[in-house]
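Below is one structure, written out as structure tokens; comments come after it.
The values are calculated or read from the model by the stated rules, or taken from the named source; none is laboratory data. Keep in mind that this is a model prediction, so the values were computed, not measured. Here the Cβ positions follow ideal geometry from the backbone for every residue, glycine too, while neighbour counts run over all protein chains shown.
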Amino acid sequence: MTLARRLLLGSFVVVSLLVLAIGVVAGGRLRARLVEEKVDELARDARVVAAQWTLASDADALAQRLGAAFGYRVTLIDESGVVLGDSDFDPPARRRLPNHHDRPEVAQARATGAGTARRRSASAGDDELYVALRHPRGYVRVSMSTARLDDIVAGAERDVYTSGLVALAGALILSALFARSITGPVSELRDVARAIAAGEVRPLPARAAPGEVGELAEALRRMSAQLSARLSALAADEQLVTAILESLEEGVLALDGSGQVVRINAAARALLGVSAATPFSAQLVPQEPELRVAVDRALHGQLSDAVEVPLATRTIAVASRPLATGGGVLTLVDLTHTRRLEAVRRDFVANVSHELKTPLTAVSGFAETLMDDDVAPADRRRFIETIRANASRMQRIVDDLLDLSRIEGGRWRPRAAIVDLAGMVGEVMSGFAAEAARKGIALETRLSPDATRVSADPTAVRQVLANLVENAVRYTPAGTVTLTVLRDGEWVRVRVGDTGVGIAAEHLTRVFERFYRVDAARSRDAGGTGLGLAIVKHLVEAHGGEVRAVSQPGEGTTMEVTFRAPERAG
């Protein structure tokens, strides 16, 4: 507890005890004095009543009259204790009063001639002060409620305590001023010392103090100002380093010699899945063997080149560098995207090579056969037709690849116009009518009256519809292909459904990838390039729409795309 608080508390306790003692003593003495005076007054009134109570007097009327005159309760009691008259009760109520022969004041008056008592009245129901006198006809008793005395004493005590509170407030004010003049310089020195210890050094205003305390205060103030300037420079450097680390896409993790992670940036936290506040134990870092080796090298201050570490769904490159003060720094580079792109490139090259290999082999083989002069004209024509079909397939693959490259590379932008969807749907469906009839497929069209136009690139819409219908016809052995167009708010939804073999759930999320095939052999036999749905996805998303596939094996497939309606086109 500070010196100022001790002074204030001491003053408060002393003055409070003094006020309390005065209140208790004064209240007690005042109460005793009032009781003594009231007893004398009641005795005098009782003697007046006794003088007027004669044989000819009506006891009840006398009690009523004198009680009203004195302002006190007057009771007249016969020798046996029966109440003959009472100023507080009318005759019917008086006759129901109990016998007063054994009342303390009456018993004392019977023994000594006069009696006094202070008790709770059984008949009146409150605390009263009684004075009783012996009388030839019985007993004269005069009483009053002690509530009057209590009110007087309570008022006096309130005055005492009010004065005491005023005195207490004055004493506290004087004590505070006195304590402030004494403890001000000491408190300033304490604040400076605490600030220095907490590292929150700041220049403090000068305070005049006598003697050595003033000199010490001035020295501490100068030291505080110097430390404040140096700490501000260090804080600025710390903020700069933190900003640089947090801006890095690479993860950085620093460890001290005791195995504690003392600094880690947001990128490293995301890569390692660590959320603990620094410093924390290096044991919280994932325990993959390659990563643990890098951590151990860093803890021992050893230099290590970058090694790839598989970490959950990511691949990261980890390298360690020693610190001169002990421990080391780990750098983490996320290679996941790079490796994924490399895998996509490898798959793409492999898929393209595989897709072109079969038609190239056919073209090469039949071309060599045609070099033989002994080939019959009918076979020669059939071989030439095969070469033409495979060349056409390779041409479609190349064209689709070029279209996909243009769209993905950002070299194509949709040129929005109001497209007559009803007319375009008719053209597309007519283009596949012959193939559908050959396979026994019924083509159906369902257009909502409010969905006959869209705001989109006409060429793109035609290509999307053609690819979806072509896929439906190609992979439906027999049955029905239905093209449905309906309005959904500001969007127009186009659905192409078939009754074909359907697609299993594990394939639905990948059918829009390049060259992805649910059944590769069946797809190639059907003549598809494996790029149609990928082109559809990119074309629709370029218009701000979305594409999805819904299918159940054996129940057919429904492809749905959305284009913006012209009324709310952006």
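In the set ARG292, ARG321, only one residue is among the basic types (Lys, Arg), out of contact with any Gly (no Cβ under 8 Å at 6 or more places or on another chain) and closer than 21 Å to ALA267 by Cα; that residue is ARG292. The single condition among (1) of a type in the set (Asp, Glu); (2) over 25 Å from LEU149 (Cα atoms); (3) touching a Phe, Trp or Tyr at 6+ places or on another chain (Cβ under 9 Å) that ASP102 does not meet is (3). Scan the range 295-324 for residues that are in contact (Cβ under 8 Å) with a residue 60 or more places away in the chain and under 21 Å from SER258 (Cα atoms) and the total you get is 1. Only a single item in (1) at pLDDT 90 or above; (2) not aromatic (Phe, Trp, Tyr); (3) not in a strand (DSSP E or B) is not met by THR445, and it is number (3).
When the range 306-328 is filtered for residues that are in a strand (DSSP E or B), of a type in the set (A, V, I, L, M) and farther than 14 Å from VAL252 by Cα, the ones remaining, listed by number, are VAL307, VAL309, LEU311. So, ALA266, is that one at pLDDT 80 or above, loosely packed, with under 15 Cβ neighbours inside 10 Å and within 23 Å of ASP334 (Cα to Cα) or not? Against the criterion (at pLDDT 80 or above, loosely packed, with under 15 Cβ neighbours inside 10 Å and within 23 Å of ASP334 (Cα to Cα)), ALA266 qualifies. Could you list all residues from the range 239-263 that are in a strand (DSSP E or B) and either out of contact with any Asp or Glu (no Cβ under 8 Å at 6 or more places or on another chain) or closer than 11 Å to LEU332 by Cβ (or both)? Hits for the range 239-263 are GLY251, VAL252, LEU253, ALA254, LEU255, GLN260, VAL261, ARG263. Looking at VAL473, VAL428, VAL454, just one residue is more than 21 Å from ARG514 (Cβ to Cβ) and touching a residue at least 60 places away in the same chain (Cβ under 8 Å), and that residue is VAL454.
Being surrounded by fewer than 18 Cβ atoms within 10 Å (Cβ to Cβ) and of a type in the set (A, V, I, L, M) is the filter; apply it to the range 51-70 and report the residue that is nearest to ALA114 (Cα to Cα). By that ranking, first place goes to ALA51. Just one of the listed residues (LEU447, LEU421, LEU443, LEU468) is surrounded by 13 or more Cβ atoms within 10 Å (Cβ to Cβ), under 20 Å from LEU531 (Cα atoms) and either out of contact with any Leu (no Cβ under 6 Å at 6 or more places or on another chain) or outside the structural domain of PRO553 (by TED's automatic domain parsing) (or both), and it is LEU468. Number of residues in the range 37-58 that are out of contact with any helix residue (DSSP H, G or I) (no Cβ under 7 Å at 6 or more places or on another chain) and free of Cβ contacts under 8 Å to residues at least 60 places away in the same chain equals 10.
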